[in-house]
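This report concerns only the one structure given below.
The values are calculated or read from the model by the stated rules, or taken from the named source; none is laboratory data. Keep in mind that this is a model prediction, so the values were computed, not measured. Methodologically, a virtual Cβ is constructed for each residue, glycine included, from the backbone with ideal geometry; neighbour enumeration extends over all protein chains shown. The protein model used for the area step is the full one, side chains on, heavy atoms only, and it has no ligands, DNA or RNA in it. Shrake-Rupley method; radii C 1.70, N 1.55, O 1.52, S 1.80 Å.
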Amino acid sequence: MAEPMMIDLKALLLEREDCDAGTVQQIRNALAQGGAQYRTLRDVTEVIKKKLESASGAAAKRWHLKLGTASFFLGYTADAVENLKHAEGPLASYYLGRALASRQDYDEALKAFEKAEKLGYTASQVQLQRAGIFRQKGDAAQARSLLGKLEQQSSHNAEYHFQLAGCALAEGERGKAVASLERAVELDPGHTGALFQLAHANDLAGNDDDAIQYYERCLKHPPVHVGTLKNLGVLYEDHEKYDKAEECYRRVLAADPTDEQARLFHKDALASKNMYYSPEDEHAFSRFSQVLEIPVTDFELSVRSRNCLKKMNIKTLGDLTRVSEQQLLSSKNFGETSLGEIKEMLSSKGLHIGQSLEEGAQNDMRFRPQAALSEQEQAVLNKPVSELNLSVRARKCMNRLGINTLGDLVQRTADELLESKNFGMTSLSEVREKLAQYGLSLRGD
């Protein structure tokens with residue numbers, strides 16, 4: 001079977017005078033072909049910019065329309081907004097509304113959509129975009145009201161089902177949302193928004209293979225959201241596809257060179273490509289980790305020592321390597337005799353108290369006697385870590401380490417978190433900042 005002919009973007013945008021809905025669809029189709037089409041479209045936009053320098057009147061407005069729509073699908077929304085404001089017609093107003101909405105400038109987006117409808121753009125499409133804006137502004141009732149008037153679109157319009165899914169998600173009906181998203185993709189296999197939401201849902205559920213598949217499909221149907229590239233990059237790293245991860249972050253930086261998170265992710269991916277793997281080191285580390293996980297209840301301890309460790313929430317030998325002698329002695333009824341008993345127990349496994357601590361005293365709330373914690377402090381520590389609203393990368397680290405509550409998190413040192421796969425300085429800074437909002441910090445900070 002012969003390969004489909006590549007769409008000639010230069011002829012489409014530089015040689016043809018008109019720019020209409022058909023032109024926009026051809027731009028999307030061209031970018032979906034992949035290969036060098038993105039680079040070609042970027043080159044074409046540079047030519048259009050030069051033509052605008054000497055154009056005026058109606059000709060200038062047409063060049064602004066072409067440049068604005070091309071910029072929108074390349075993901076350069078700031079350029080899209082600037083140029084579409086100088087263009088005319090229903091198409092310009094509609095895509096201006098979409099560009100403004102993607103920048104969360106909802107009030108101006110509503111004005112642009114109103115103008116697009118007055119100029120003759122398809123009313124149902126405009127109303128669906130309005131519903132999306134109301135939903136994003138937190139007015140789910142208004143969004144539902146608009147969708148209720150468009151039920152006839154359910155038989156053929158993917159955008160209708162996408163907006164319906166958004167309302168279901170806002171109302172906590174995840175099952176209904178996924179069903180609507182799947183229907184949207186069934187009607188339009190290239191609906192980027194629906195593909196992204198399905199990818200995100202699978203990502204959250206830990207279905208990495210399905211998530212990657214949906215994110216990869218997103219890439220073929222612009223405009224591509226930055227979140228798609230970042231989330232896909234993280235998944236690629238999880239599966240040791242560092243070349244692909246690097247490419248994702250490189251594309252984010254091409255669109256926004258000031259994105260520091262993407263820059264650090266890109267740096268991490270590059271470094272991961274050159275990491276050396278030693279089976280011997282891993283085996284030794286695995287054996288050491290197993291020793292650290294041995295429960296203290298496996299040893300014959302006195303009742304006093306056992307009760308003190310229980311009150312301090314010390315469950316394993318590893319816990320004892322993360323606490324100082326002074327912290328143990330500060331516990332009620334824990335004296336030198338108990339301390340000697342603990343030292344002997346650790347020594348039998350080649351360990352000692354405080355072995356995992358950095359030099360200097362460590363003030364860890366975890367090892368304060370429970371009686372010293374107020375009810376308010378205990379309530380904060382019992383909060384689920386999900387309340388921190390962490391990024392995908394940081395959230396995956398929490399899952400890998402079995403960190404479920406803020407109390408679990410503050411038990412960890414920065415070094416312990418950094419040892420987790422794909423957890424770098426960007427994620428560490430994020431975790432520290434989120435904890436600080438609760439007046440907490442990592443152990444050793």
Would you call residue 207 among the polar types (S, T, N, Q), modelled with pLDDT under 95 and open to solvent by 50 Å² or more (accessible area, probe 1.4 Å)?
yes
When you check residue 174 against the structure, is it over 25 Å from residue 31 (Cα atoms) and open to solvent by 20 Å² or more (accessible area, probe 1.4 Å), yes or no?
yes
If we ask which residues in segment 14-32 are more than 18 Å from residue 190 (Cα to Cα) and open to solvent by 30 Å² or more (accessible area, probe 1.4 Å), their number turns out to be 6
Using beta carbons and a limit of 6 Å, which pairs, at least six apart or on different chains, have the first residue in segment 15-38 and farther than 24 Å from residue 59 by Cα and touching a residue at least 60 places away in the same chain (Cβ under 8 Å) and the second one among the polar types (S, T, N, Q) and surrounded by 13 or more Cβ atoms within 10 Å (Cβ to Cβ)?
31/37
Give me the pairs, please: first residue somewhere in segment 80-103 and closer than 10 Å to residue 115 by Cα, second residue anywhere and open to solvent by 20 Å² or more (accessible area, probe 1.4 Å) and part of a helix (DSSP H, G or I), beta-carbon distance under 6 Å, and either six or more positions apart or on two chains.
93/115
Return the residues of segment 219-259 that are outside any helix (DSSP H, G or I), free of Cβ contacts under 8 Å to residues at least 40 places away in the same chain and open to solvent by less than 30 Å² (accessible area, probe 1.4 Å); say none if nothing qualifies.
259
Condition check: modelled with pLDDT of 95 or more and either among the hydroxyl-bearing types (Ser, Thr, Tyr) or within 26 Å of residue 225 (Cβ to Cβ) (or both). Does residue 41 satisfy that?
no
Which of the following residues is over 15 Å from residue 20 (Cα atoms) and assigned to a helix (DSSP H, G or I): 59, 112, 92?
112
Residue match in segment 260-283 (condition: in contact with a helix residue (DSSP H, G or I) (Cβ under 7 Å, 6 or more places away or on another chain), at pLDDT 85 or above and open to solvent by less than 40 Å² (accessible area, probe 1.4 Å)):
no
Can you tell me which residue within segment 33-56, out of those that are in a helix (DSSP H, G or I) and more than 18 Å from residue 76 (Cβ to Cβ), is least open to solvent (accessible area, probe 1.4 Å)?
54
List every residue pair whose Cβ atoms lie under 6 Å apart, where the two residues are 6 or more positions apart in sequence or sit on different chains, the first residue falls within segment 336-357 and is open to solvent by 40 Å² or more (accessible area, probe 1.4 Å), and the second residue, located anywhere, is in a helix (DSSP H, G or I) and not aromatic (Phe, Trp, Tyr).
341/305; 349/291; 352/346
Among residues of segment 136-162, those that are within 21 Å of residue 220 (Cα to Cα) and either in contact with a Cys (Cβ under 8 Å, 6 or more places away or on another chain) or assigned to a helix (DSSP H, G or I) (or both), counted:
4
Looking only at segment 49-83, which residues are at pLDDT 95 or above and touching a Lys or Arg at 6+ places or on another chain (Cβ under 6 Å)?
63
Count of segment 68-93 residues which are open to solvent by 20 Å² or more (accessible area, probe 1.4 Å) and among the small types (Gly, Ala, Ser):
3
